[in-house]
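Novice: Let me begin by handing over the structure; questions about it come next.
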Amino acid sequence: MIRVAIAEDHQSLVDGINLLLKYEEDISIIGTANDGEALLEMLRKKQVHVVLTDIKMPKMDGIAVTKALQKEFPAIKVIGFSMFDQEEAVRKMIAAGAKGYLLKNSPLEEVLKAIRSVHIGGTFYDKDINPAFLEPAAERSTRKSILSKSEREILSLIAQGKTSSEIGAIRFTAVSTVEKHRKNMIRKLGLSGKGELLRYALEKKYDFQ
């Protein structure tokens, strides 16, 4: 049985989640709390496997709660639960130790998948969250630093669907120079060809503007 606790300051939403999960044979809602401090007090008295927590709560927000749980109850898996897919919130929750992040409009099936996935040691992120938000800052910084300014600018244009000829015209440079930059980026990033470079550019374009 997966023992779940919910931290959410909107009681109507807590009631809704309770109703959605109460008939699942492998999931049991152990308790709910309307703020972060109340959640910690509850966890000191009850054994819980997974915590579903809102980001914005009174007294102690979801990020602070997640950090506290990592210190006091490291075995508990945390899933962030928010109305917004803001990059800063997603990154801070992951940095704090969250193993999942859901939007509040997620269907029941997604909530169930998230709970079951993190319980067995996996991760789960809402399909509407930009994958780029999930990349660790250290990796993002390392990746960005290995590309030159010109390469980052070209990668941004590739993400916009520009061909080498179009990029050359925009940058007032020869097509052969653009092609050379493409080859250098493929080599530096450990990719296998132009197709992978395009996919990479589309996934990471937020970081090369």
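Novice: If I filter the stretch 1-14 down to residues being of a type in the set (Gly, Ala, Ser) and in a strand (DSSP E or B), which single residue comes out as modelled with the lowest pLDDT? Walk me through how you get there before you give the answer.
Specialist: At the first step, the residues of the stretch 1-14 found to be of a type in the set (Gly, Ala, Ser) are 5, 7, 12.
Within this subset, residues satisfying the condition of being in a strand (DSSP E or B) are 5, 7.
Working: Ala5: 95, Ala7: 92.
So the residue we want is Ala7.
Residue-by-condition table, conditions (1) surrounded by 18 or more Cβ atoms within 10 Å (Cβ to Cβ); (2) part of a strand (DSSP E or B); (3) among the hydroxyl-bearing types (Ser, Thr, Tyr):
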| site | (1), (2), (3) |
| --- | --- |
| Glu41 | no, no, no |
| Lys45 | no, no, no |
| Pro58 | no, no, no |
| Thr66 | yes, no, yes |
| Leu69 | yes, no, no |
| Val90 | yes, no, no |
| Tyr101 | yes, yes, yes |
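Novice: Can you work out which of the residues in the stretch 103-120 that are touching a Lys or Arg at 6+ places or on another chain (Cβ under 8 Å) and in contact (Cβ under 8 Å) with a residue 60 or more places away in the chain is surrounded by the most Cβ atoms within 10 Å (Cβ to Cβ)?
Specialist: Of everything passing the filter in the stretch 103-120, Val118 is surrounded by the most Cβ atoms within 10 Å (Cβ to Cβ).
Novice: Let me ask you something else. Please find, among Phe81, Phe73, the residue that is surrounded by 13 or more Cβ atoms within 10 Å (Cβ to Cβ), within 15 Å of Val111 (Cα to Cα) and aromatic (Phe, Trp, Tyr).
Specialist: Working: Phe73 fails: within 15 Å of Val111 (Cα to Cα).
Residue meeting the stated conditions: Phe81.
Novice: In the stretch 1-37, how many are among the β-branched types (Val, Ile, Thr) and closer than 22 Å to Ala64 by Cβ? First the steps, then the outcome.
Specialist: We begin by selecting, within the stretch 1-37, every residue among the β-branched types (Val, Ile, Thr); these are 2, 4, 6, 14, 17, 27, 29-30, 32.
When the remaining residues are screened for being closer than 22 Å to Ala64 by Cβ, the result is 4, 6, 14, 17, 30, 32.
So the count comes out to 6.
Novice: Among the residues of the stretch 15-33, count how many are at pLDDT below 90 and under 25 Å from Pro74 (Cβ atoms).
Specialist: 2
Novice: Here's another thing I want to ask about it. Hey, among Ala132, Ala138, which residue is surrounded by 15 or more Cβ atoms within 10 Å (Cβ to Cβ), under 18 Å from the mean Cα position of the chain (by Cα) and at pLDDT below 85?
Specialist: Numbers: Ala138 fails: surrounded by 15 or more Cβ atoms within 10 Å (Cβ to Cβ).
Just a single option satisfies the conditions, and that option is Ala132.
Novice: Going through Asp35, Asp54 one at a time, which residue ends up being acidic (Asp, Glu) and touching a residue at least 40 places away in the same chain (Cβ under 8 Å)? Before you say what the answer is, go through the steps one by one.
Specialist: Working: Asp35 fails: touching a residue at least 40 places away in the same chain (Cβ under 8 Å).
Selected residue: Asp54, the only one of Asp35, Asp54 that is acidic (Asp, Glu) and touching a residue at least 40 places away in the same chain (Cβ under 8 Å).
Novice: Being assigned to a loop (DSSP other than H, G, I, E, B) and in contact with a helix residue (DSSP H, G or I) (Cβ under 9 Å, 6 or more places away or on another chain) is the filter; apply it to the stretch 47-56 and report the residue that is farthest from Ile120 (Cα to Cα).
Specialist: Among them, the one singled out is Lys56.
The values are calculated or read from the model by the stated rules, or taken from the named source; none is laboratory data. The structure presented is a predicted model; accordingly, all values stated were derived computationally and were not measured. With ideal geometry, Cβ positions are generated from the backbone for all residues, glycine too; neighbour counts draw on all protein chains shown.
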